[in-house]
Amino acid sequence: MTTILIVEDEPAIVELLRVTLEAERYTVRETDSAETAWQMIAEAPPDLLLLDWMLPGQSGLALAKRLRQQTRTKALPIIMVTARAEEEDKVAGLETWVDDYITKPFSPRELKARIKAVLRRQTPEASDVPLQAGLLALDPVSHRVYCDGKLLTLGPLEFRLLHFFMARPERVFTRTQLLDTVWGDDADIEERTVDVLVRRLRQALATHRLDAMLETVRGSGYRWNPEKQNDITATV
């Protein structure tokens, strides 16, 4: 499930955000201070941050700048939620690499649309949009994968790896990048463990003759090539 951290000190706004997000089946965490948000993000980074500009103590803008200076959180999707609607405020917020900006009052429909757009743009595998590659279909909500309508049994790590690849077809990823994606950049796990996970995923795909889509790029890493399915299905 996609986790969203709300950093907001107005209870009414927090309640509105929580109800809206939970209705969309997001996992919601919340705090009313930038300092606590920093600690929560350090312990378990969310998939997206909804950040109020004006907070007691450290401002939301200061927190956004701080997050962008850290390797682990520099790509964390951030949507600023604030009553400050002046043009210069928007420019200032966006120049700190805030991904989007929504002003109070806002409609739940607009908020949901902006969240989905930012998640698709920043981390495609974090959205709840179903993915399709020929006969292979992945449903992020139910955590199920189907091949030609038949359920494909995958473990949680294999599912996460497949989701990552299907959201980024044709791109080559190193073992280090995949290690950070599946286990996180703080995990004390060797890169060869990625090879084991890739082998397990290939074995599952091979039950439907789809394993050739997960290619090894010699000297670089791995790539998801959905076009390879054409070669496979042609021989079935």
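The values are calculated or read from the model by the stated rules, or taken from the named source; none is laboratory data. This structure is a prediction, so every number in the text was calculated from the model and none was measured. Cβ atoms come from the backbone with ideal geometry, glycine included; neighbour counts cover every protein chain shown.
So for the range 204-222 (the condition being surrounded by fewer than 17 Cβ atoms within 10 Å (Cβ to Cβ), over 30 Å from ALA23 (Cα atoms), at pLDDT below 90 and under 24 Å from the mean Cα position of the chain (by Cα)), does at least one residue qualify?
Looking for residues that are surrounded by fewer than 17 Cβ atoms within 10 Å (Cβ to Cβ), over 30 Å from ALA23 (Cα atoms), at pLDDT below 90 and under 24 Å from the mean Cα position of the chain (by Cα), one finds at least one in the range 204-222, hence yes.
Select, from LEU17, LEU63, LEU49, the only residue that is within 17 Å of the chain's Cα centre (by Cα) and closer than 21 Å to LEU111 by Cβ.
Values: LEU17 fails: within 17 Å of the chain's Cα centre (by Cα); LEU63 fails: within 17 Å of the chain's Cα centre (by Cα).
Going through LEU17, LEU63, LEU49 in turn, the sole match is LEU49.
Go through the range 4-20 residue by residue and tally those that are without any contact (Cβ under 8 Å) to a residue 24 or more places away in the chain and surrounded by 15 or more Cβ atoms within 10 Å (Cβ to Cβ).
2
Do you know which residues across the range 52-85 are of a type in the set (A, V, I, L, M), in a loop (DSSP other than H, G, I, E, B) and surrounded by 15 or more Cβ atoms within 10 Å (Cβ to Cβ)?
Hits for the range 52-85 are LEU55, LEU76.
Looking at (1) aliphatic (A, V, I, L, M); (2) surrounded by 21 or more Cβ atoms within 10 Å (Cβ to Cβ); (3) in contact with a Leu (Cβ under 6 Å, 6 or more places away or on another chain), which one does VAL28 not meet, given that it meets all the others?
Tallying (1) aliphatic (A, V, I, L, M); (2) surrounded by 21 or more Cβ atoms within 10 Å (Cβ to Cβ); (3) in contact with a Leu (Cβ under 6 Å, 6 or more places away or on another chain), VAL28 fails exactly one: (2).
For a quick check of your reading: which strands (runs of 3 or more DSSP E) sit entirely within the range 122-174 and have at least 1 residues that are of a type in the set (Val, Ile, Thr) and at pLDDT 90 or above? Spell out the reasoning first.
On the way: elements: 131-133, 136-139, 144-147, 150-152.
Counting at least 1 such residues, we get 144-147.
Could you say which residue among VAL198, VAL194, VAL182 is over 18 Å from LYS150 (Cβ atoms), among the hydrophobic types (A, V, I, L, M, F, W, C) and either outside the structural domain of GLY149 (by TED's automatic domain parsing) or at pLDDT 90 or above (or both)?
Working: VAL194 fails: either outside the structural domain of GLY149 (by TED's automatic domain parsing) or at pLDDT 90 or above (or both); VAL182 fails: either outside the structural domain of GLY149 (by TED's automatic domain parsing) or at pLDDT 90 or above (or both).
Answer to the check: VAL198.
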